[in-house]
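Presented below is the structure to which this report refers.
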Amino acid sequence: MDIKTASALHRLRLISLPEALSFPALLIFGSLLMRVSDIDFLMPPLGMIHGVLFTIYVVFLLDVWIKAKWPLKRVALFFLLAVIPFGGLYGDKLLKGYEADGVIAARARREGTVSA
């Protein structure tokens with residue numbers, strides 16, 4: 001894995017956790033509180049925060065798709081996980097594994113252990 005691919009994967013991983021937590025926060029603190037009480041001032045800022053994080057996540061996901069040459073099924077899985085509440089937490093776990101695999105493979109190539 002080259003440095004551009006590794007950094008794109010790392011950026012996606014960095015944004016995946018805040019994005020994964022912003023959606024349930026929007027649902028719980030924004031929508032639920034608005035419906036059961038008079039607290040409606042949380043919805044606009046939480047919605048904007050989640051929208052910005054989701055947009056950044058999608059841009060970083062497209063960047064990883066191009067640089068890492070991921071199959072469409074994997075990209076679709078990560079997009080689906082971003083739409084499901086708390087799905088991004090599982091996506092973060094998967095990204096951590098992909099990132100670790102890439103580092104191990106790069107280290108093995110550098111040491112001459114494998115020719116891949």
Where does each of 11-21, 35-45, 88-98 land if you order them by average Cβ count within 10 Å, highest first? 11-21, 88-98, 35-45
Put 55, 5 in order of accessible area, largest first, 1.4 Å probe: what do you get? 55, 5
Taking +1 at the Cβ of each Lys and Arg and -1 at the Cβ of each Asp and Glu, which of 71, 25, 46 sits farthest along the dipole of region 1-109 towards its positive end, judged by Cα position relative to the Cα centre? 71
Give me the angle, in degrees from 0 to 90, between the Cα long axis of helix 72-83 and the longest principal axis of the Cα atoms of the chain, rounded to the nearest 10. 30
For the residue 79, residue 31 Cβ pair and Förster radius 22 Å, calculated FRET efficiency rounded to 0.05 is 0.50
If the viscosity is 1.306 mPa s and the temperature 10 °C, what Stokes-Einstein diffusion coefficient in µm²/s follows for the chain when Rh is the Kirkwood radius over Cα pairs? 103
Give me the dipole magnitude in Debye, nearest 20, for the chain about the Cα centre, with unit charges on the beta carbon: positive for Lys and Arg, negative for Asp and Glu. 540
Label residue 90 and residue 52 with points 7 Å out from Cα along Cα→Cβ: what is the distance between them in nm? 2.9
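The values are calculated or read from the model by the stated rules, or taken from the named source; none is laboratory data. Remember, predicted model here, so these are calculated numbers, not experimental data. Glycine gets a Cβ as well: all are built from the backbone with ideal geometry, and neighbour counts include every protein chain shown. Side chains are part of the model used for accessible areas, which takes the heavy atoms of the whole protein and leaves out ligands, DNA and RNA. Shrake-Rupley method; radii C 1.70, N 1.55, O 1.52, S 1.80 Å.
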